[in-house]
Amino acid sequence: MERMPQFDLRRPASIAEAAALLAAEPGARLLAGGTDLLPKMRRGIERPPVLVDLGAVRDISRIDYADAGLALGAGVTLSQLAMDGRIVHHHRAIAEAARSVAGPGHRSAATIGGNLCLDTRCVFYNQSEWWRATNHYCLKLGGDVCHVAPQGSHCHAAFCGDLAPALLVLGASVELCASRGARVIPLSDLYRDDGVAHLTLEPDEVLVRVLVPARSPALVSGYRKARARGAIDFPLAGVACAVVARNGVLAELKVALTGTNSRPILLTGTEALVGRVIDEATLSALGKLVQKQASPMRTTVTQSNYRRQVAAALAQRLVCELAGYEPSAARASMS
């Protein structure tokens with residue numbers, strides 16, 4: 001780690017003031033928990049001239065329940081999410097995703113907004129300054145070659161936030177506030193498939209809250225991820241599923257992935273599995289859908305094809321678990 005670069009610290013009292021600061025200060029960055037941004041500053045990856053600390057903005061740290069659904073303030077910590085009894089009971093995927101992030105100390109500081117806006121990661125990018133300089137930097141920062149795919153012109157750094165897939169399968173949207181006004185967009189529209197610029201946020205926009213619509217009581221959800229170590233590590237592949245099953249038949253299925261692409265993805269084609277009996281053939285079809293849409297590259301020390309296969313197996317196992325289906329044939333198909 002290097003010495004922290006110099007910066008000016010601003011502490012707005014409201015979201016409107018924060019948005020105005022972002023508009024007035026080119027290159028300014030928002031600071032909430034800082035669990036991703038501050039290490040990158042110490043590595044020389046980020047050198048923002050101004051940090052806009054949201055710690056004094058209190059109205060983004062609330063969890064609100066209503067008949068229309070759930071509203072999560074962007075400043076709510078991952079510890080709050082993981083321990084909230086109503087979220088654990090009604091939105092299990094959210095609680096499980098929050099609980100899976102890093103360690104307890106990180107979760108007590110890290111926020112919903114920070115996790116959703118997490119920078120993409122790559123083994124050639126998240127390194128010290130001297131290491132990156134020795135490798136002539138990379139396409140994401142300072143260089144003109146993607147070391148993952150040197151013949152191309154596209155950055156393949158992977159998005160590794162855990163909350164996004166859990167919220168995607170629950171149909172979440174996000175409220176954004178800028179100096180010129182506010183807007184609400186589907187969570188999926190917050191991202192683009194670009195490792196360098198994977199967020200569609202305008203420079204002065206602040207993610208204020210996440211809106212999760214009310215769902216059928218029959219819907220159950222969950223989140224699982226594979227990582228090199230049982231704690232701390234980012235996902236090599238993460239999968240969220242939302243399932244409604246009746247008498248062994250899929251009535252609803254949503255699946256989302258993280259850690260494999262430059263953006264979190266809500267799987268397409270799962271509607272073709274609705275109405276089918278949960279059996280080996282259905283699980284095999286699900287696995288093929290995941291493997292076709294997951295696009296892991298050599299952004300970690302783990303083989304890309306391994307991560308693709310793990311994502312498929314996680315999805316199959318999680319659907320079986322949520323649907324209460326555990327025949328030997330299903331276990332054999334995922335072994």
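The values are calculated or read from the model by the stated rules, or taken from the named source; none is laboratory data. Just so it is clear, the model here is predicted, and its values are computed rather than measured. Every residue, glycine as well, gets a Cβ built from its backbone with ideal geometry; the counts of neighbours run over all protein chains shown.
Quick notes
- Residues located in the range 41-58, provided they are closer than 26 Å to Glu96 by Cα and either small (Gly, Ala, Ser) or at pLDDT 95 or above (or both): Leu54, Gly55
- Out of Val243, Val184, one residue alone is more than 14 Å from the chain's Cα centre (by Cα), closer than 21 Å to Leu118 by Cα, among the hydrophobic types (A, V, I, L, M, F, W, C) and not in a loop (DSSP other than H, G, I, E, B). It is Val184.
- Of residues in the range 59-69 being of a type in the set (Gly, Ala, Ser) and part of a loop (DSSP other than H, G, I, E, B), the one modelled with the lowest pLDDT: Ala68
- Of the residues Ile87, Ile15, the single one that is crowded, with 20+ Cβ neighbours inside 10 Å, among the β-branched types (Val, Ile, Thr) and touching a strand residue (DSSP E or B) at 6+ places or on another chain (Cβ under 6 Å) is Ile15.
- Test: residue in the range 198-207 that is of a type in the set (S, T, N, Q) and without any contact (Cβ under 8 Å) to a residue 60 or more places away in the chain: yes
- Of all residues in the range 246-295, those being over 23 Å from Cys117 (Cα atoms) and aliphatic (A, V, I, L, M) number 15.
One line per residue, one yes/no per condition, for (1) under 18 Å from Arg224 (Cα atoms); (2) at pLDDT 95 or above:
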{"residue": "Gln293", "(1), (2)": "yes, yes"}
{"residue": "Val310", "(1), (2)": "yes, yes"}
{"residue": "Ala313", "(1), (2)": "yes, yes"}
{"residue": "Arg317", "(1), (2)": "yes, yes"}
{"residue": "Glu321", "(1), (2)": "yes, yes"}
{"residue": "Gly324", "(1), (2)": "yes, no"}
{"residue": "Ser333", "(1), (2)": "no, no"}
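- Subset tally (residues that are free of Cβ contacts under 8 Å to residues at least 60 places away in the same chain, surrounded by 17 or more Cβ atoms within 10 Å (Cβ to Cβ) and of a type in the set (Gly, Ala, Ser)) for the range 124-163: 0
- Looking across the range 54-84, the residues that are charged (D, E, K, R) and surrounded by 13 or more Cβ atoms within 10 Å (Cβ to Cβ) come down to Arg62, Asp84.
- Selection over the range 266-311 of residues that are closer than 24 Å to His156 by Cα, in a helix (DSSP H, G or I) and small (Gly, Ala, Ser) gives a count of 3.
So that you can scan it fast, the table gives a plain yes or no per residue for (1) of a type outside the set (Gly, Ala, Ser); (2) touching a residue at least 24 places away in the same chain (Cβ under 8 Å); (3) in contact with a Ser or Thr (Cβ under 9 Å, 6 or more places away or on another chain); (4) within 23 Å of Gly259 (Cβ to Cβ):
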site	(1), (2), (3), (4)
Lys40	yes, yes, no, yes
Arg47	yes, yes, no, no
Asp59	yes, yes, yes, no
Asp64	yes, no, no, no
Ala71	no, yes, no, no
Thr77	yes, yes, yes, yes
Ala98	no, yes, yes, yes
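- Selection count where residues are of a type in the set (S, T, N, Q) and more than 30 Å from His147 (Cβ to Cβ), scope the range 177-195: 1
- In the range 28-36, the condition of being at negative phi, touching a residue at least 40 places away in the same chain (Cβ under 8 Å) and surrounded by fewer than 18 Cβ atoms within 10 Å (Cβ to Cβ) is met by no residue.
- Only helices (runs of 4 or more DSSP H) whose full extent lies in the range 70-151 are considered here, and the ones with at least 3 residues that are closer than 15 Å to Val210 by Cα, modelled with pLDDT of 95 or more and not assigned by TED's automatic domain parsing to the domain that holds Gly34 are 78-83, 92-99, 112-116.
- Restricting attention to the range 1-34, the residues that are assigned to a strand (DSSP E or B) and of a type in the set (Lys, Arg) total 2.
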